[in-house]
Amino acid sequence: MRVFVLMFNARTENEGIHTIRKGDRNTILMFESEDDATRYALMLEAQDFPTPTPEAIDAEEIQEFCESAGYDWEIVTENSNSVVTPPEVNVEETDWQPDDQKEDIPEDFLDSKQQPPEDPELSDSELDKIRRQLEGLL
């Protein structure tokens, strides 16, 4: 069965797939109708999210991807009476970068897998001192 999923930077090295968060799981929406997928993409664009492209793909292929990546999937039927709308809150950071932003990032940064520091750089007392100074400015 052919379905439509929403892709960012489709057919590039920097390709990403649209997911929604349900609890602590990512879910890929598989639209039976290209029109429904396009409508959903336009709603995302209206929320100032980068515009995804509906891409036709075999449903079994996307289900295999979901299983290997630990994602869930949901089929949005063409004849459903309810309109699927994007969540009102989007993630701040994606696992991919829009192509126009990718050019601004140094190449060596994209290749590195930097982990955020586990310990804060400032102690709690230093943070409290800075907080008091900032509150004093107000």
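Criterion first (at pLDDT 90 or above and not aliphatic (A, V, I, L, M)) does GLU55 satisfy it?
yes
Among residues of the stretch 51-78 that are within 10 Å of PHE4 (Cα to Cα), those with a beta-carbon under 7 Å from a residue that is of a type in the set (Asp, Glu) and open to solvent by 60 Å² or more (accessible area, probe 1.4 Å) at least six positions away or on a different chain give the pairs PRO54/GLU34; ILE75/GLU32; VAL76/GLU32.
For the stretch 12-29, the set of residues classified as within 11 Å of the chain's Cα centre (by Cα) and open to solvent by less than 50 Å² (accessible area, probe 1.4 Å) consists of GLY16, ILE17, HIS18, THR19, ILE20, ASN26, THR27, ILE28, listed by residue number. How do the pairs read when you match residues in the stretch 1-26 that are modelled with pLDDT of 90 or more and assigned to a strand (DSSP E or B) with residues anywhere that are open to solvent by 40 Å² or more (accessible area, probe 1.4 Å) and among the small types (Gly, Ala, Ser), using Cβ under 6 Å and keeping only pairs 6 or more apart or on different chains? If the second residue must be open to solvent by 40 Å² or more (accessible area, probe 1.4 Å) and among the small types (Gly, Ala, Ser), the pairs left are ARG2/ALA56; PHE4/ALA56.
Can you find, within the stretch 78-92, the residue that is modelled with the lowest pLDDT among those that are over 21 Å from GLN47 (Cβ atoms) and open to solvent by 60 Å² or more (accessible area, probe 1.4 Å)? Before the answer, list the steps.
Looking only at the stretch 78-92, we keep the residues that are over 21 Å from GLN47 (Cβ atoms), and these are 78-81.
Those left that are additionally open to solvent by 60 Å² or more (accessible area, probe 1.4 Å): 78-79, 81.
Details: GLU78: 87, ASN79: 73, ASN81: 59.
Among those that are over 21 Å from GLN47 (Cβ atoms) and open to solvent by 60 Å² or more (accessible area, probe 1.4 Å), it is ASN81.
So which residues in the stretch 30-42 are among the hydrophobic types (A, V, I, L, M, F, W, C) and either over 22 Å from ASP72 (Cα atoms) or open to solvent by 70 Å² or more (accessible area, probe 1.4 Å) (or both)?
From the stretch 30-42, those among the hydrophobic types (A, V, I, L, M, F, W, C) are 30-31, 37, 41-42; that's our starting set.
Scanning the stretch 30-42 gives a single hit, LEU42.
The values are calculated or read from the model by the stated rules, or taken from the named source; none is laboratory data. Everything numeric in this text was worked out from a predicted model, so none of it was measured. Quick reminder, even Gly has a Cβ in these numbers, built from the backbone with ideal geometry, and neighbours come from all protein chains shown. Areas reflect the complete protein model, heavy atoms only, side chains present, ligands, DNA and RNA absent. Shrake-Rupley method; radii C 1.70, N 1.55, O 1.52, S 1.80 Å.
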